[in-house]
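The values are calculated or read from the model by the stated rules, or taken from the named source; none is laboratory data. These numbers were taken from a predicted model, which means no experiment stands behind them. Note that we place each Cβ from the backbone using ideal geometry, even for glycine, and neighbour counts take in every protein chain shown. For accessibility, only protein heavy atoms count, side chains too; no ligands or nucleic acids. Shrake-Rupley method; radii C 1.70, N 1.55, O 1.52, S 1.80 Å.
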Amino acid sequence: MSESMTEAEKRKAPEGEATPAEKKDAGTPEAKKLKTSAPDPAAVRKQVEYYLSDDNLKHDKFFSEKISSNADGWLEMSLVLSCNKMKAMRATKEDVMAALKASKLEMKEDGSAIRRPGNAPLPKLEAKPQHHQKKNSVHAHEGGAILAFKSIPAEQSWMQIKEKLAEKLPDKVAPWHVSEVNDKGQCFVVCPPFEGDLKLLEGVEIEIGGAKLKGELCFGDTLQQTLKTLPKHIRDKREKEARKKQKERNRPIVVGNQRFVNVGALRGKVKEILNSRSDGESLKPDGTDFKLIKALLEYHPKGAAKSQGMVGIKVAKHSQGESRCFYMVREDKSEEDVSMKKCIDAVELNPPYITIEKKSKEEGDKAKAPASGASASSGATAAKPEKKAEPLKPEGDAKPEAAAAGSTAPAAAAEPAEAAKP
């Protein structure tokens, strides 16, 4: 039904009653009204230019094939608009056409297709690097790393794999388990946890049978399938170590001079800061929230470069969707979004635990000695009044208080009184 009304409908509407269009507007949440706003042209241009860049096309098999299949290197606009990030921005063909006016990308007059400048040749396709820092994968190997070796020469066995890998491991560290080489030429190895294990094992290279093999840490489905094939005692040992690490990890940390019971509490605080601000609101430079987010930026993989020239931090919607994030504001008024997830993941990998200094036994004994001495001294001081004897007075002059004290006085205190008799 159209929101606009005919003159006849307006005449039928009772005086003082809202029209259907007004009722619809009144019932529409403010957030939904905002979603209909046009996407940022700069963000649209940046995203489309990325799709056709070497950095993307060397890994994007789908777009590479579509461009290659066209003799003139054109990519249909409908394919670009079907991408998730374009959908998130709610970009239309008209939005893309307007955004690409100043771009080097070429576009057909009707906006039906786009292509690289001068129909530039496509980069060679490469395997996309795996990013393992996904949810629940940060601690996937804390009970013991599992890595795979592939393309193993036919004449080589698990024994050669174990022998060569042991040469790369630290002293007193040996693989827990090495699987048989399967029919695909793959072998899976389980190593015990040790300091810097993932850094050493990620991409570790061994040479057997004249072939150089690079180890790959297992994640996702590969990891789950490998775990199912492990002997029970190896799985149990791994789980025991994982529980031990988890217990050690659940300790207080300090970030930006602020203390948190664990990393989960830090994550909750960052979410609270984000949700408590309205879009475009800046954090107060002298406030604790600003200091915390600034301190977290130091943990970002590119924190030093990103925070250079930063004079402020604000909360706003992401340029490529409806999600909200932190933006760094620089001296030249430029702004750049920053991923707090990457910062917190880095904290989780190397938590800044609060160190509690424990006194040694000797220091404890020394501390106790003065205390016991003080007790003895105070005891002696307290005993002195008891040892002093008051001069004897005639029985008739004795006061009730003195009589009471004399009845309870120790024998040692009574001796001087006996000596005073003639």
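Residues in the stretch 49-103 that are touching a Leu at 6+ places or on another chain (Cβ under 8 Å) and of a type in the set (D, E, K, R) were compared, and the one that is farthest from Asn119 (Cα to Cα) is Lys87. Restricting Leu274, Leu292, Leu266, Leu283 to residues that are under 18 Å from the mean Cα position of the chain (by Cα) and under 30 Å from Pro39 (Cβ atoms) narrows the list to Leu274. The residues listed here are Leu57, Leu75, Leu122; of these, the one that is in contact with a helix residue (DSSP H, G or I) (Cβ under 7 Å, 6 or more places away or on another chain), at pLDDT 95 or above and of a type in the set (A, V, I, L, M) is Leu75. Taking the stretch 154-192 as the range and being open to solvent by 30 Å² or more (accessible area, probe 1.4 Å) and either touching a Gly at 6+ places or on another chain (Cβ under 6 Å) or charged (D, E, K, R) (or both) as the test, the residues that pass are Glu155, Gln156, Lys162, Glu163, Lys164, Glu167, Lys168, Asp171, Lys172, Glu180, Asp183, Lys184.
Somewhere in the stretch 242-262, is a residue touching a residue at least 40 places away in the same chain (Cβ under 8 Å), open to solvent by less than 70 Å² (accessible area, probe 1.4 Å) and within 25 Å of Met89 (Cα to Cα)? Taking every residue of the stretch 242-262 in turn, none turns out to be touching a residue at least 40 places away in the same chain (Cβ under 8 Å), open to solvent by less than 70 Å² (accessible area, probe 1.4 Å) and within 25 Å of Met89 (Cα to Cα). When residues in the stretch 170-199 are screened for being touching a residue at least 24 places away in the same chain (Cβ under 8 Å) and farther than 22 Å from Lys240 by Cβ, 5 of them pass. Just one of the listed residues (Lys164, Lys228, Lys172) is basic (Lys, Arg) and in a loop (DSSP other than H, G, I, E, B), namely Lys172.
Scanning the stretch 326-344 for residues that are closer than 19 Å to Ala42 by Cα and either more than 17 Å from the chain's Cα centre (by Cα) or open to solvent by 20 Å² or more (accessible area, probe 1.4 Å) (or both) turns up Tyr327, Met328, Val329, Arg330, Asp332, Lys333, Ser334, Glu335, Glu336, Asp337.
Of everything in the stretch 270-287 that is surrounded by 14 or more Cβ atoms within 10 Å (Cβ to Cβ) and out of contact with any helix residue (DSSP H, G or I) (no Cβ under 7 Å at 6 or more places or on another chain), the residue that is nearest to Met340 (Cα to Cα) is Leu274.
Only residues that are of a type outside the set (A, V, I, L, M, F, W, C), modelled with pLDDT under 75 and part of a helix (DSSP H, G or I) were counted across the stretch 324-383, and they come to 15.
Only a single item in (1) aromatic (Phe, Trp, Tyr); (2) free of Cβ contacts under 8 Å to residues at least 24 places away in the same chain; (3) part of a loop (DSSP other than H, G, I, E, B) is not met by Tyr299, and it is number (2). Figure legend. Inter-residue proximity from the stretch 117-128: first residues under 17 Å from His59 (Cβ atoms), second residues part of a loop (DSSP other than H, G, I, E, B) and not hydroxyl-bearing (Ser, Thr, Tyr), beta-carbon distance below 6 Å, spacing 6+ or different chains. Indicated pairs: Pro123/Lys58; Glu126/Lys58; Lys128/His59.
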